[in-house]
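Since the structure comes first, as structure tokens, the remarks are kept for the end.
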Amino acid sequence: MKPFYTIGLLIISNMFMTFAWYGHLKMKQEFSWFASLPLIAVVAFGWLIAFFEYLFQVPANRIGFVGNGGPFTLMQLKVIQEVITLIVFTIFTTVFFKGESLHWNHLAAFVCLVLAVYFVFMKS
């Protein structure tokens with residue numbers, strides 16, 4: 001079950017991370033009060049959300065790391081996390097930012113990342 005817990009926690013973590021990093025751009029468009037905040041307040045807003053990201057990210061890595069009895073090496077954890085980040089970001093972008101769209105080069109990059117997962121899990 002550790003692989004599922006790890007990946008599930010990474011997905012939740014990345015949902016918070018994506019909103020912490022990019023949500024303020026959407027909020028600036030949607031809420032005039034948010035648009036008038038100074039940059040330091042926007043950074044603090046991002047840190048507040050990032051706190052919740054870490055509540056899921058750290059346990060995911062602790063559960064998933066082979067040194068703690070998990071199934072994944074550090075390299076595998078990082079590549080899994082990057083692929084999850086890209087998937088979550090793509091969904092976030094296409095749902096919340098209507099002007100953004102996927103193009104062939106984005107899909108080619110996704111294929112490269114899937115290949116990265118394949119290669120990182122190959123036995124050497």
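Quick notes on this one:
- Of the residues making up the stretch 21-41, at least one is under 26 Å from residue 112 (Cα atoms), among the hydrophobic types (A, V, I, L, M, F, W, C) and modelled with pLDDT under 95.
- Subset of the stretch 62-72 [without any contact (Cβ under 8 Å) to a residue 40 or more places away in the chain and either basic (Lys, Arg) or surrounded by 12 or more Cβ atoms within 10 Å (Cβ to Cβ) (or both)]: 62, 65, 66
- Residue tally, condition over 18 Å from residue 92 (Cβ atoms) and either surrounded by 10 or more Cβ atoms within 10 Å (Cβ to Cβ) or in contact (Cβ under 8 Å) with a residue 60 or more places away in the chain (or both), over the stretch 25-46: 5
- Members of the stretch 87-99 that are exposed (fewer than 13 other Cβ atoms within 10 Å of the Cβ) and of a type outside the set (A, V, I, L, M): 94, 98, 99
The values are calculated or read from the model by the stated rules, or taken from the named source; none is laboratory data. These numbers come from a predicted model, not from an experiment. So basically every Cβ, Gly included, is an ideal-geometry build from the backbone, and we count neighbours across all protein chains shown.
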